[in-house]
Structure formats: C-alpha cells, structure tokens
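The values are calculated or read from the model by the stated rules, or taken from the named source; none is laboratory data. Note that the structure is predicted; figures quoted are calculated from it, not measured. Note that each Cβ is placed from the backbone with ideal geometry, even for glycine, and that neighbours are counted across all protein chains shown.
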Amino acid sequence: MVNKEIREEAANIWYYEHKFSFKIKRNDASKYLKWHNSSILHQQATQHYYLTASKDMNNLFVFLKAFYDGRMNGELPIERRCPTSVVARGAFETVRDLKEEGLQWNAILKQLKITQKALAELDHKFG
C-alpha cells in the first residue's frame, strides 16, 4: 500500500513538472491520442506536438476532430515553415476560430474539404 501511495504522489509530480513532446508523422495522431486518453495525468500534463511535413488530409481531419472535441491540450502543432506545415497550422486555426463562432464539426469539416479541393488543384497529393 505504501509503494502505491508513493508511486501516485511521484506520478503527480512527474506529469506536472515535465513537458511531453510528440512528433506526429503523416498527420496520424492515433498514437498520441491513445497515450493522451489512457490517463487523467496524461490529459493534465503539459504537451507539445508537432506535425512533420505531410499532405495526408484524411489523417489531418481525424487530428482536427480530436482538437475540436477538446481531446488534446498543448500548443498548436507546427514543425517549420514548409508549405504543408503552414496548411496544417492554418487548418487548426480555422477549426479553433470557427468553433469559437459556434459552428458544429460537420459544418467546419465541409469548409475544410472545400479547402482540400482547392489545395488538390495546386498539388494532387492533397486530394
């Protein structure tokens, strides 16, 4: 019983004092979300996640939905100022702003898919 109490107290300190970084590859946040949802301590920890360059919009939409639902905490993801990172950052900002205006996820997703079509005109890999 004493070991369990010590572990719980130490875990609270550990998650409070450390910042956790996550590299999201191909816009696939499934591993991050699994970790985040596995513990209340994980959810309360300071987190930083960033996206590597990827044009996978379907994975990005899943990530954005988790962001919309509040299943993420931390800074908005961006690795560097490459075109795909700028697109991802803009998508996160769009979701945040439209949610603040009261739009539901389905309406936001519709707007994101319109943007995806426009991007696909410039580069078919966004399609």
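Values computed for the structure shown
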{"item": "Complete set of residues in region 118-127 that are surrounded by fewer than 11 Cβ atoms within 10 Å (Cβ to Cβ) and farther than 15 Å from Gly90 by Cβ", "result": "Glu121, His124"}
{"item": "Matching entry among Leu64, Leu76 (being within 24 Å of Lys117 (Cα to Cα) and at pLDDT 70 or above)", "result": "Leu64"}
{"item": "Those residues of region 98-127 which are touching a residue at least 60 places away in the same chain (Cβ under 8 Å) and within 19 Å of the chain's Cα centre (by Cα), in sequence order", "result": "Phe126"}
{"item": "From Val87, Val95, residue being at pLDDT 85 or above and of a type outside the set (S, T, N, Q)", "result": "Val95"}
{"item": "Residue in region 31-46 that is modelled with the lowest pLDDT, counting only those that are in a helix (DSSP H, G or I) and loosely packed, with under 12 Cβ neighbours inside 10 Å", "result": "Ile40"}
